[in-house]
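**Q** Can you keep this structure in mind? I'll have questions shortly.
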Amino acid sequence: MPENQSFRQDYPQLDPPVRTLMGPGPSDIHPRVLQAMAAPTIGHLDPAFIQMMDQIQGLLQQLFQTKNALTFPVSGTGSAGMECCMVNVIEPGDRVVIAQNGVFGGRMADIADRLGADVVKIQVPFGQKFEPEAIREAVAGKPTKLVGVVHAETSTGVCQSLPEIAEIAHEVDALLLADCVTSLGGTPVKLDEWGVDLAYSGTQKCLSCPPGLAPVSFSERAVQALKNRKSKVVSWYLDVSMLLNYWGGERAYHHTAPINMLYGLREALLIVLEEGLDAVFARHQHHGEMLVAGVEAMGLSMLVPADYRLPQLNTVVIPDGVDDAAVRRALLNDYNIEIGGGLGDLKGKVWRVGLMGHASRRENVVTFLAALESILVQQGAAIQPGAGLAAAAKVGA
Ligand SMILES: *Cc1c(COP(=O)(O)O)cnc(C)c1O
């Protein structure tokens with residue numbers, strides 16, 4: 001056998017299984033996005049590419065509902081966006097208040113700590129939201145540079161209201177940082193109306209795009225904080241003042257832009273805006289409600305109360321006696337459906353069912369409910385067969 005032929009046997013053609021991604025991300029990719037990403041790569045200073053960069057910035061402003069000029073995608077996943085927002089405004093010794101009600105608030109606190117900030121972490125149990133009063137108490141007394149909150153906590157399914165917190169932060173002249181990784185493109189994000197100063201997101205949650213870019217937006221106040229720095233930004237790669245020489249006026253080389261990822265993001269943003277923001281949010285809400293009606297009719301319960309529950313990330317409490325891992329394995333092996341398990345304090349206690357972006361479709365809700373019912377019946381769980389699909393069908397009917 002010729003040598004190259006045996007090589008091909010050891011490394012056959014890549015053939016990943018086709019899954020329905022209904023976990024906490026990555027979520028299902030829209031076929032148009034994958035197609036856009038297969039277009040020929042051009043140079044990062046090509047006039048055709050520069051024109052596309054301007055479009056992406058404008059489209060991102062529409063999604064973030066902001067006029068912030070400093071709105072662009074950071075090269076890297078959502079966590080790079082988190083780190084970018086924080087490293088550009090936080091200096092050693094700055095007092096930073098982080099509201100943690102899940103895993104991602106914990107990550108924010110870790111980054112602030114690494115930057116030498118005086119970190120004040122306030123906490124409520126996973127699955128709960130913060131009352132504005134808790135933030136008011138935390139910022140009282142000492143000058144605070146920044147308040148960090150997670151708008152859509154993917155580890156718990158909680159949606160944190162932001163306008164009241166922005167007001168409290170601004171009263172004491174602090175910046176408000178919001179994690180919008182799972183909210184952007186799934187539930188309303190209104191940076192200007194709400195008064196959010198720094199926001200970041202990611203491509204692989206409700207934007208139906210592969211992981212790899214982190215849209216960020218800085219308000220005028222955040223830009224001012226950047227200009228007032230006494231020390232150099234400690235990250236070279238994420239220093240916004242240098243990145244802006246590429247994304248802004250001069251188009252000076254900083255690092256090679258991930259060209260094809262940006263093709264994908266542009267298409268993903270177009271898909272959202274073509275459907276229309278209100279229609280996109282209504283679709284997420286409707287399918288979230290169908291899913292909840294279905295699992296509750298089966299006899300299961302949701303972790304988060306309806307008034308601050310995210311429709312794109314549903315935390316279902318695992319019933320007593322049910323084997324968490326076996327259920328998720330059966331969903332994957334027998335139905336090609338991926339859902340997430342619990343993270344941190346919720347490990348083994350909840351399933352995280354994502355209905356994000358292109359995955360937020362009726363067929364996915366119905367298939368998931370039917371599959372879950374079948375698996376739970378096989379496991380001998382005390383559920384009501386048939387009730388879930390019937391209840392889901394009645395939502396909005
Ligand atoms: C996914 C996620 C992140 C991290 O994004 P990565 O793309 O995994 O780096 C941060 N915050 C929230 C709320 C997320 O859901």
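The values are calculated or read from the model by the stated rules, or taken from the named source; none is laboratory data. None of the values given here were measured: they were computed from a predicted structure. Just the protein is used for accessible areas: all its heavy atoms, side chains included, with ligands, DNA and RNA removed. Shrake-Rupley method; radii C 1.70, N 1.55, O 1.52, S 1.80 Å.
**Q** Rounded to the nearest 500 deg cm²/dmol, what is the calculated helix-only ellipticity per residue at 222 nm for the chain, with -39500 (n - 2.57) per DSSP H run of length n ≥ 4? List each step's numbers first, then the result.
**A** Details: 15 runs with 170 residues, N = 397.
So the calculated ellipticity at 222 nm is -13000 deg cm²/dmol.
**Q** Let me ask something else about it. Keeping all protein chains in the complex and leaving out DNA, RNA and ligands, what accessible area do you get for Lys349 with a 1.4 Å probe, in Å² to the nearest 10?
**A** 120 Å²
**Q** Same structure again: Using a 1.4 Å probe, what is the accessible area per residue for the stretch 276-396, in Å²?
**A** Counting only protein heavy atoms, the per-residue value for the stretch 276-396 is 41 Å².
**Q** If I compute solvent accessible area with a 1.4 Å probe over the protein chains, what percent of it on the stretch 275-397 is carbon and sulfur?
**A** Working: 2600 of 5200 Å².
So the carbon and sulfur contribution to the accessible surface is 50 percent.
**Q** Would you mind telling me the share, in percent, of accessible area of the stretch 51-141 contributed by carbon and sulfur at probe 1.4 angstrom? Let's see the in-between values first.
**A** Details: 1580 of 3470 Å².
Carbon and sulfur atoms account for 46 percent of the accessible area of the stretch 51-141.
**Q** Going by accessible area, probe 1.4 Å, with all protein chains left in place, what is the ranking of Phe281, Phe7, largest first?
**A** Largest accessible area first, the list is Phe7, Phe281.
**Q** In the Gaussian network model of the chain, springs joining C-alpha atoms below 10 Å, which of Leu162, Leu213, Leu45 carries the largest mean-square fluctuation?
**A** For the chain, modelled as a Gaussian network with Cα springs under 10 Å, the answer is Leu45.
**Q** Separate question: For the cross-link pairs Lys129/Lys232; Lys121/Lys349; Lys145/Lys232; Lys121/Lys232, which exceed 27 Å when the distance is taken from alpha carbon to alpha carbon?
**A** Among Lys129/Lys232; Lys121/Lys349; Lys145/Lys232; Lys121/Lys232, the Cα-Cα distance tops 27 Å for Lys129/Lys232.
**Q** Name the long-range amide H neighbours of Val74: under 5 Å, sequence gap of 5 or more, or other chain; modelled H, no Pro or chain starts.
**A** Counting only residues 5 or more places away or on other chains, the set is Ala214, Val216.
**Q** Under the Karplus relation 6.51 cos²θ - 1.76 cosθ + 1.60, θ = phi - 60°, what is the ordered set of whole-Hz ³J(HN,Hα) values for the stretch 181-188, x standing for Gly and Pro?
**A** Running phi through 6.51 cos²θ - 1.76 cosθ + 1.60 with θ = phi - 60° gives 4, 8, 8, 4, x, x, 9, x Hz.
**Q** Another one. Amide H neighbours of Val350 under 5 Å, at least 5 residues apart or on other chains, H built in the peptide plane: list them.
**A** Residues meeting the amide H criterion: Ile318, Gly342.
**Q** Measuring from centroid to centroid over Cα atoms, what is the spacing of the stretch 181-195 and the stretch 1-31 in Å?
**A** Measuring centre to centre over Cα atoms gives 34 Å.
**Q** Amide H neighbours of Leu146 under 5 Å, at least 5 residues apart or on other chains, H built in the peptide plane: list them.
**A** Val97, Leu175
**Q** Test of understanding: in a Gaussian network model of the chain with alpha carbons linked when under 10 Å, which of Asn260, Asn101, Asn333 would top the mean-square fluctuation ranking?
**A** Greatest mean-square fluctuation among the candidates belongs to Asn333.
**Q** Now a separate question. Could you work out how far the C-alpha centroid of the stretch 75-154 sits from that of the stretch 288-308, in angstrom?
**A** Cα centroid of the stretch 75-154 versus Cα centroid of the stretch 288-308: 29 Å apart.
**Q** So for the chain: antiparallel DSSP bridges make up what percent, rounded to the nearest 5?
**A** Counting only bridges with both partners in the chain, antiparallel ones make up about 50 percent.
**Q** Over the stretch 18-117, with the other protein chains present, what is the accessible area per residue in square angstrom, probe 1.4 angstrom?
**A** It amounts to 38 Å² per residue over the stretch 18-117.
**Q** Residue by residue through the stretch 73-81, what is 3J(HN,Hα) from phi via Karplus (6.51 cos²θ - 1.76 cosθ + 1.60, θ = phi - 60°)? Round to whole Hz and write x for glycine and proline.
**A** x, 7, 6, x, 7, x, 5, 5, x
**Q** Determine the per residue accessible area of the stretch 143-266 with all protein chains present and a 1.4 angstrom probe, expressed in square angstrom.
**A** Details: 4090 Å² over 124 residues.
With the other protein chains kept in place, the stretch 143-266 gives 33 Å² per residue.
**Q** Sticking with this structure for a sec: Using the alpha-carbon centroid of each, what span in Å lies between the stretch 197-256 and the stretch 319-397?
**A** After rounding, the separation between the Cα centres reads 38 Å.
**Q** Rounded if a/c is under 1.5, else prolate if a/b is larger than b/c, else oblate: which is the chain, with a ≥ b ≥ c the root eigenvalues of its Cα gyration tensor? Write out the running numbers ahead of the final one.
**A** On the way: a/c = 1.84, a/b = 1.22, b/c = 1.50.
Here the chain falls in the oblate category.
**Q** While we're looking at this one, here's another question. Rounded to whole Hz and in sequence order, give me ³J(HN,Hα) for the stretch 349-363 from the Karplus expression 6.51 cos²θ - 1.76 cosθ + 1.60, θ = phi - 60°, writing x for Gly and Pro.
**A** Rounded to whole hertz, the list is 9, 9, 9, 10, 9, x, 10, 10, x, 5, 7, 7, 9, 3, 4.
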